[in-house]
Amino acid sequence: NLLNGGLVLKVEGELIISDIKYYETKFINDISGMFWFMNYDGNSLFYSDQKRKNSLCVMNIESQREEVMLDKPCYGVCLNDEWLYYINENDWKLYRCLKNGRGETKIVDEQVTSFIIENNIIFYTNSQGIWTCDEMGNNRDAVSNAVASEMIWLNDSLIYVDKGKHHTLTILDLGKNISNAVEGISVSSINTDGTYLYCSNRLNERSIYRI
């Protein structure tokens with residue numbers, strides 16, 4: 001659920017829910033923080049805590065002991081293997097660090113609005129378009145000049161919301177380098193279950209569509 005803020009996460013049969021209305025995160029016991037972009041590796045929870053100025057934090061699930069790993073505002077936290085990737089809200093550049101908070105490295109030395117990681121490739125967006133690089137920030141390449149607000153990977157295609165064209169849902173087949181806009185859908189949010197694409201449509205009172 002990271003695409004939509006990572007506010008809900010299922011851990012060992014229990015749900016961790018961050019309630020933006022009441023500004024609190026609930027688990028088995030009440031938690032003092034307000035968690036965003038929750039990731040779980042089987043032992044620990046990694047997240048950005050709004051009550052700690054969006055610092056990158058870790059919580060042991062068994063003890064529910066919390067710890068600040070990086071005292072800087074982190075957005076879009078994403079766990080990939082042993083690394084946590086995130087956008088630093090101070091400069092809006094893409095970084096990564098190890099799960100213990102060490103080894104911080106700048107991956108993309110330009111402002112990034114969003115990113116996803118698929119098959120060891122980072123797709124990221126900025127005001128110039130959509131780009132790719134490897135997990136260390138090398139082999140940078142342009143994918144599209146479209147200004148995308150959200151991206152998702154499904155069935156070997158990059159699906160994105162074209163912000164420059166009224167948030168039109170667009171499907172890009174990278175193998176054939178062909179993009180198709182889905183008419184009649186202006187997206188406010190998207191998600192997938194691995195088979196279908198789900199989106200809320202601004203043109204129909206944010207009703208949910210399945211594609």
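The values are calculated or read from the model by the stated rules, or taken from the named source; none is laboratory data. Computed from a prediction, not measured in an experiment: that's the story for all the values here. Quick reminder, even Gly has a Cβ in these numbers, built from the backbone with ideal geometry, and neighbours come from all protein chains shown. Note: accessible area is taken over every heavy atom of the protein model, side chains too, but ligands, DNA and RNA are not part of it. Shrake-Rupley method; radii C 1.70, N 1.55, O 1.52, S 1.80 Å.
Just one of the listed residues (179, 149, 188) is under 29 Å from residue 106 (Cα atoms) and either of a type in the set (A, V, I, L, M) or without any contact (Cβ under 8 Å) to a residue 60 or more places away in the chain (or both), and it is 149.
Among the residues of region 63-74, at least one is under 14 Å from the mean Cα position of the chain (by Cα) and either surrounded by fewer than 17 Cβ atoms within 10 Å (Cβ to Cβ) or under 29 Å from residue 198 (Cβ atoms) (or both). Each residue in region 106-121 was checked for being on the phi > 0 side of the Ramachandran plot and touching an Asp or Glu at 6+ places or on another chain (Cβ under 9 Å), and 1 pass.
Of the strands (runs of 3 or more DSSP E) contained entirely in region 73-116, not one carries at least 1 residues that are without any contact (Cβ under 8 Å) to a residue 12 or more places away in the chain and in contact with a Pro (Cβ under 7 Å, 6 or more places away or on another chain). Can you pull out the residues in region 186-196 that are part of a strand (DSSP E or B), touching a Leu at 6+ places or on another chain (Cβ under 8 Å) and modelled with pLDDT under 95? Answer for region 186-196, where residues must be part of a strand (DSSP E or B), touching a Leu at 6+ places or on another chain (Cβ under 8 Å) and modelled with pLDDT under 95: 189, 190, 191, 192. Of the numbered criteria (1) surrounded by fewer than 17 Cβ atoms within 10 Å (Cβ to Cβ); (2) over 15 Å from residue 123 (Cβ atoms); (3) out of contact with any helix residue (DSSP H, G or I) (no Cβ under 8 Å at 6 or more places or on another chain), the one residue 201 fails is (1).
Filtered by the rule that a residue be over 20 Å from residue 89 (Cα atoms), open to solvent by less than 60 Å² (accessible area, probe 1.4 Å) and outside any strand (DSSP E or B), region 17-54 gives 27, 41, 42.
Looking only at residues of region 75-116 that are of a type in the set (Ser, Thr, Tyr) and over 16 Å from residue 138 (Cα atoms), we find that the one that is least open to solvent (accessible area, probe 1.4 Å) is 86. The single condition from (1) open to solvent by 70 Å² or more (accessible area, probe 1.4 Å); (2) under 23 Å from residue 1 (Cα atoms) that residue 153 fails is (1). As a summary of the residue check, residue 146 satisfies the conditions (1) in a strand (DSSP E or B); (2) buried (at least 18 other Cβ atoms within 10 Å of the Cβ) except for the one numbered (1). Tell me whether region 167-184 contains one or more residues that are closer than 30 Å to residue 66 by Cα and either not β-branched (Val, Ile, Thr) or not in a strand (DSSP E or B) (or both). No: region 167-184 contains no residue that is closer than 30 Å to residue 66 by Cα and either not β-branched (Val, Ile, Thr) or not in a strand (DSSP E or B) (or both).
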